[in-house]
1. Could you order peptides 191-197, 59-65, 92-98 by the average number of other Cβ atoms within 10 Å of their residues, highest first?
2. Based on alpha-carbon centroids, what's the gap between segment 188-212 and segment 81-146 in Å, whole number please?
3. Taking the Cβ of THR171 as the center, what net charge do the other residues with Cβ under 15 Å away carry, scoring Lys and Arg +1 and Asp and Glu -1?
4. Looking only at ILE100, ILE121, ILE198, which one moves most when the chain is put into a Gaussian network model with springs between Cα atoms under 10 Å?
5. So between MET1 and ASN77, what do we pick up on full extension, going 0.36 nm a residue minus the alpha carbon distance?
6. For a footprinting-style exposure proxy, rank TYR36, TYR158, TYR79 by other Cβ within 10 Å, fewest first.
7. In what order do HIS52, HIS71 fall by count of nearby beta-carbon atoms within 10 Å, going from fewest to most?
8. If you place +1 on the Cβ of every Lys and Arg, -1 on the Cβ of every Asp and Glu, and leave all else neutral, what size is the dipole of the chain about its Cα centre, to the nearest 20 Debye?
Amino acid sequence: MKGNLIIISSPSGGGKGTLIREVLKTTADITFSVSYTTRAMREGEMEGREYHFVDRATFEAMISAGDFLEHAEVHGNLYGTSKSQVEKVMATGTDVLLEIDVQGAATLIGKAGLDAVSIFILPPSFETLRTRLTLRATESSGDLLIRLRNAFDEVLRYELFRYIVINDDLTKAVDDLRTIIRAERLARTRQNDEIQAILSGFDASKHQFENL
């Protein structure tokens with residue numbers, strides 16, 4: 001059985017990265033897909049952990065080669081999800097978490113034949129979002145302004161997503177996210193092989209009772 005593809009998105013500063021890190025600590029059979037980006041590495045980041053950092057020429061060559069499941073230009077930088085990386089992990093039965101921007105998520109959600117679990121992380125207010133972005137101090141004043149302006153349109157895309165997690169209380173939001181992941185694993189279509197094996201046993205027992 002293939003793992004689930006779980007899309008997690010929010011405006012910048014929505015807290016999706018923090019929630020994902022907490023879920024990965026406490027949830028089995030799940031992994032994080034490391035995306036590619038052309039943006040500069042921030043202080044404290046590491047190649048291959050937060051992102052695969054590449055230049056624009058390399059990224060564009062990967063687009064031409066069809067290497068991406070999705071890709072988008074956001075806040076002036078390119079971001080993309082490796083198709084082969086995701087498919088390889090899912091084939092082992094492990095769920096794959098994608099932390100992607102709203103534009104990239106919209107592309108994936110609308111992709112024909114792609115069965116994905118989509119989750120939107122909604123900040124409790126614009127003021128909270130602005131405070132989080134300001135306090136993390138990872139962008140220049142110009143980049144910060146772009147992200148804040150984009151947030152007004154990005155929050156309105158929540159309707160594209162199957163689930164909404166309001167990130168007001170960290171503990172509750174992490175628990176909500178874990179609950180969604182567990183619930184999706186219990187879907188009837190995800191357990192079909194096990195269900196059929198159990199029903200075969202019932203069928204054998206039924207014949208025994210009919211002959212009594």
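Nothing in this text is a laboratory measurement; each read-out follows from the coordinates by a stated rule. Since this is a predicted model, take the numbers as computed values, not measurements. A quick note on method: Cβ atoms are made from the backbone with ideal geometry, for glycine too, and the neighbour counts reach across all protein chains shown.
1. 92-98, 59-65, 191-197
2. If you average the Cα positions of each part, the centres end up 41 Å apart.
3. -1
4. ILE198
5. Answer, rounded to one decimal: 23.8 nm.
6. TYR158, TYR36, TYR79
7. Going from least to most buried by this count: HIS52, HIS71.
8. Dipole size: approximately 180 debye.
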